[in-house]
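Have a look at the structure below before the remarks.
The values are calculated or read from the model by the stated rules, or taken from the named source; none is laboratory data. Keep in mind that what you see is a predicted model, and the values were worked out from it rather than measured. Using ideal geometry, Cβ is built from the backbone for each residue, glycine included, and neighbour counts are taken over all protein chains shown. SASA here: full protein model, heavy atoms, side chains in, ligands and nucleic acids out. Shrake-Rupley method; radii C 1.70, N 1.55, O 1.52, S 1.80 Å.
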Amino acid sequence: MVGSYMPRPRLPCPFASFLWDCLAGGESQRSRRLNFGRNIVIASLLLAAACIGLLWWRPSPQVTHPSAPLVVYCAAGLKPPVSEVARRYEARFGVPVQIQYGGSGTLLANLRVAAKGDLFIAADQSYMDAARSQRLVDEVLPLAYLTPVLAVPRGNPKNVHSLEDAIEKNLTFGMANPDAAAVGKVVRDLLVASGDWAMFEKRVRVMKPTVNDVANDLKLGTVDVGVVWDATVAQYPELDAVSVVGWSGARQQVQSGILKSSQQPTAALRFARFMGARDAGLLVFATNGYRTVVGDLWAEQPELVLYSGGINRLAIEPTLREFESREGVRVNRVYNGCGILVAQMKAGVTPDAFLACDASFFEGVKERFGVQSVLSETELAILVQKGNPRGLVRVEDLARPGLKVGLGHPVQSALGGLTQRALDSMGLLRTVGSNVVVQSATADLLVNQLRAGGLDAAVVFRSNTTPVKDHLDVVEWDRSNITATQPYAVSLTSSHRLTAERLSDALHSASSRQAFKRAGFRWRAGGGTP
């Protein structure tokens with residue numbers, strides 16, 4: 001019957017039911033008529049909010065593990081911890097891990113020829129550096145540290161206290177081949193530098209392919225003294241270590257690198273992150289006598305929180321999407337005026353990383369972050385209506401009576417702060433200020449109001465003009481060389497610090513440089529082409 005109460009039908013979700021109640025609920029036709037206008041407004045606003053939320057909502061991708069095995073090339077001296085980590089990873093995630101052991105130098109030579117596999121784990125950073133220079137690896141993740149020492153039988157029956165002592169006693173040495181194994185190369189370089197290599201080489205009875213072979217020879221009594229890693233001794237209860245003056249400075253970092261030949265880099269990175277996590281693989285390394293790095297906390301899909309000035313959004317989004325896809329991580333972006341972001345940090349929230357609108361915004365929070373690395377820079381510009389109907393040609397024209405001008409907020413944004421400084425240095429702050437009708441934390445709002453006809457001119461960054469160059473015109477800021485620089489830094493307390501540092505590497509890449517240039521920035525990182 002017309003005008004009677006209509007019962008609510010079965011609806012697909014609670015939000016739809018709420019909308020029905022707003023529009024048709026109530027106990028009488030009269031109450032519906034009285035409240036209909038109010039309810040339709042409320043429902044429309046809620047629906048709009050839901051639509052906006054859906055536009056920004058990005059579901060976390062399902063973590064999938066490959067059925068194909070991960071192929072790992074690993075320095076032989078690292079076999080005990082790496083084999084145990086691989087076994088645990090296989091048991092936990094069902095991913096087979098095939099490991100080929102050998103001397104770091106031998107493995108590197110094989111990689112150049114084979115051009116296949118997923119990871120390379122080297123005991124000496126120089127081999128990883130060589131692999132990078134030869135374009136064999138991409139991402140590199142640190143694991144632990146190794147220091148060369150002398151190894152002697154348990155109890156030190158020959159009473160060896162130094163390298164010179166062993167040489168004077170005419171003892172025999174075992175050593176890994178310097179052309180095949182990392183420890184041999186490191187010690188040879190040290191002895192060549194000190195001028196002792198020729199004398200030492202005469203005492204070497206046998207050169208072995210790997211450091212484990214040297215330890216086994218010493219264990220069997222084939223040699224009196226062995227040149228090995230400190231962690232190698234920790235794995236052999238039959239051996240003791242003798243430190244050598246001058247060798248402690250040759251500490252090497254154990255690293256894993258993702259091979260460019262990998263057909264499954266996301267899976268390879270996930271295993272590398274597991275191996276380098278302080279609550280997962282690094283526990284195994286520590287148990288085996290290694291001094292480990294401070295790794296990230298383990299997560300199958302880590303989530304990084306990135307605070308970024310809104311000015312950077314267009315420039316960094318392509319890199320962030322690629323990083324998420326390759327690494328299998330999620331980057332939760334928080335874009336806003338840097339003044340607002342810094343205020344949030346001062347209130348107690350620290351993101352994993354911060355990409356500022358300008359270096360000045362690190363001043364109040366710099367103690368929370370590591371080294372800042374400037375990626376880009378941009379300068380001020382004036383946006384006007386298409387065709388420049390008000391005939392603005394220079395900064396002073398912003399002071400014309402009756403002009404409607406939009407500026408950045410001087411506290412909440414780098415744009416506003418730099419604009420205020422520039423106008424003040426030119427003696428225009430008061431006269432231009434009398435025409436200001438909008439001050440915004442972000443340039444996007446100024447651009448939108450200009451396009452909508454609410455402003456005659458807006459002071460923005462040059463990079464803000466790139467997306468709207470077909471709709472608005474640009475007037476050069478001709479009286480100031482003030483620029484904003486965009487530095488990136490990683491939080492010192494981040495649970496995923498190493499992952500955030502790899503994001504820094506991605507933001508410093510050639511593809512990122514092109515994205516910044518397309519967005520209207522000048523490139524500053526690494527001394528690259530502006």
Collect the residues in region 93-105 that are open to solvent by 60 Å² or more (accessible area, probe 1.4 Å) and either hydroxyl-bearing (Ser, Thr, Tyr) or on the phi > 0 side of the Ramachandran plot (or both), keeping them in residue-number order.
Tyr101
Would you check if Leu383 is within 30 Å of Ser494 (Cβ to Cβ) and open to solvent by less than 40 Å² (accessible area, probe 1.4 Å)?
no
Against the definition (within 19 Å of Pro389 (Cα to Cα) and part of a loop (DSSP other than H, G, I, E, B)), how does Asp470 come out, yes or no?
yes
Whether any residue in region 318-330 is free of Cβ contacts under 8 Å to residues at least 60 places away in the same chain and open to solvent by 30 Å² or more (accessible area, probe 1.4 Å) is what I want to check.
yes
In the list Ala381, Ala343, which residue meets the criterion of being under 22 Å from Thr419 (Cα atoms), among the aliphatic types (A, V, I, L, M) and either modelled with pLDDT of 95 or more or part of a helix (DSSP H, G or I) (or both)?
Ala343
Going through Asp138, Asp118, Asp124 one at a time, which residue ends up being charged (D, E, K, R), at pLDDT 95 or above, within 27 Å of Leu297 (Cα to Cα) and buried (at least 19 other Cβ atoms within 10 Å of the Cβ)?
Asp118
Taking region 402-422 only, how many residues are part of a loop (DSSP other than H, G, I, E, B), open to solvent by 20 Å² or more (accessible area, probe 1.4 Å) and at pLDDT below 95?
5
In region 200-229, residue farthest from Lys158 (Cα to Cα) [restricted to those that are open to solvent by 60 Å² or more (accessible area, probe 1.4 Å) and of a type in the set (A, V, I, L, M)]:
Met207
Residue match in region 201-216 (condition: without any contact (Cβ under 8 Å) to a residue 24 or more places away in the chain, more than 21 Å from Asp124 (Cβ to Cβ) and assigned to a helix (DSSP H, G or I)):
no
Selection status of Leu163, farther than 26 Å from Asp129 by Cα, in contact with a Pro (Cβ under 8 Å, 6 or more places away or on another chain) and in contact (Cβ under 8 Å) with a residue 24 or more places away in the chain:
no
Every residue in region 230-260 that is open to solvent by less than 10 Å² (accessible area, probe 1.4 Å) and assigned to a strand (DSSP E or B), please.
Leu239, Val254, Ser256, Gly257, Ile258, Leu259
If the requirement is being within 30 Å of Asp217 (Cα to Cα), of a type in the set (Gly, Ala, Ser) and open to solvent by less than 40 Å² (accessible area, probe 1.4 Å), which of these qualifies: Ala131, Ala151?
Ala151
Of all residues in region 137-159, which are of a type outside the set (Val, Ile, Thr), assigned to a strand (DSSP E or B) and over 18 Å from Ala286 (Cα atoms)?
Asp138, Glu139, Leu150, Ala151, Pro153
Could you list, ordered by first residue, the pairs with Cβ atoms under 8 Å in which the first is in region 428-449 and free of Cβ contacts under 8 Å to residues at least 40 places away in the same chain and over 23 Å from Gly309 (Cα atoms) and the second is acidic (Asp, Glu) and surrounded by fewer than 17 Cβ atoms within 10 Å (Cβ to Cβ), at least 6 apart or interchain?
Leu428/Glu396
Candidates Gln439, Gln449 - the one that is assigned to a strand (DSSP E or B), closer than 15 Å to Ile382 by Cα and open to solvent by 40 Å² or more (accessible area, probe 1.4 Å)
Gln439
Residue list for region 307-340, filter: farther than 21 Å from Gly520 by Cβ and at pLDDT 95 or above
Tyr307, Phe323, Glu324, Ser325, Arg326, Glu327, Gly328, Val329, Arg330, Val331, Asn332, Val334
